[in-house]
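Novice: A single structure is presented below for examination.
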């Protein structure tokens, strides 16, 4: 989107975790709302599984996680991969089939629209890019 539409808040946190698991890598991304909007805004959460051998994703799902204000405080003080199952989830989409890296990038970019932290991380010109279209060795490291 070319316009942030007033949706961007500088105190929002986006956390991204890659976890190797055998021949797979599990990707989790969560964008937390600001503390003062916890009662009206959910966190965007994405979970994906990358098959390193096939070089494609075999699972993608996106949800909105709803936190009560005290739960959001606990969540902000924990790492995404150690937080457990606090809050309630509303599933938005789920794909249990092969998804190419390019299509997965489109899902992530669309689901996290206006998220400039992820945009920088996914930008192929960025030295931090991991899932970008310009990175050919995805899953090899």
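The values are calculated or read from the model by the stated rules, or taken from the named source; none is laboratory data. On a predicted model such as this, the values are computed, not experimentally measured, just so you know. Neighbour counts are summed over all protein chains in view; Cβ atoms, including those assigned to glycine, are modelled from backbone coordinates with ideal geometry.
Novice: What are the residues in the stretch 1-40 that are surrounded by fewer than 13 Cβ atoms within 10 Å (Cβ to Cβ), at pLDDT 90 or above and either touching a strand residue (DSSP E or B) at 6+ places or on another chain (Cβ under 9 Å) or under 14 Å from residue 112 (Cβ atoms) (or both), if any?
Specialist: 19, 20, 21, 23, listed by residue number.
Novice: Looking at the structure I just gave you, is residue 89 modelled with pLDDT of 65 or more, surrounded by 13 or more Cβ atoms within 10 Å (Cβ to Cβ), over 14 Å from the mean Cα position of the chain (by Cα) and under 14 Å from residue 14 (Cβ atoms)?
Specialist: On the way: modelled with pLDDT of 65 or more: yes; surrounded by 13 or more Cβ atoms within 10 Å (Cβ to Cβ): yes; over 14 Å from the mean Cα position of the chain (by Cα): yes; under 14 Å from residue 14 (Cβ atoms): no.
Taking the combined requirement at face value, the residue does not satisfy it.
Novice: Continuing with this model, one more query. Which condition from (1) farther than 22 Å from residue 97 by Cα; (2) within 17 Å of the chain's Cα centre (by Cα); (3) at pLDDT 90 or above is the one that residue 70 breaks?
Specialist: Tallying (1) farther than 22 Å from residue 97 by Cα; (2) within 17 Å of the chain's Cα centre (by Cα); (3) at pLDDT 90 or above, residue 70 fails exactly one: (2).
Novice: Hey, does the stretch 74-84 have a residue that's in contact with a strand residue (DSSP E or B) (Cβ under 9 Å, 6 or more places away or on another chain), surrounded by 15 or more Cβ atoms within 10 Å (Cβ to Cβ) and at pLDDT 90 or above?
Specialist: yes
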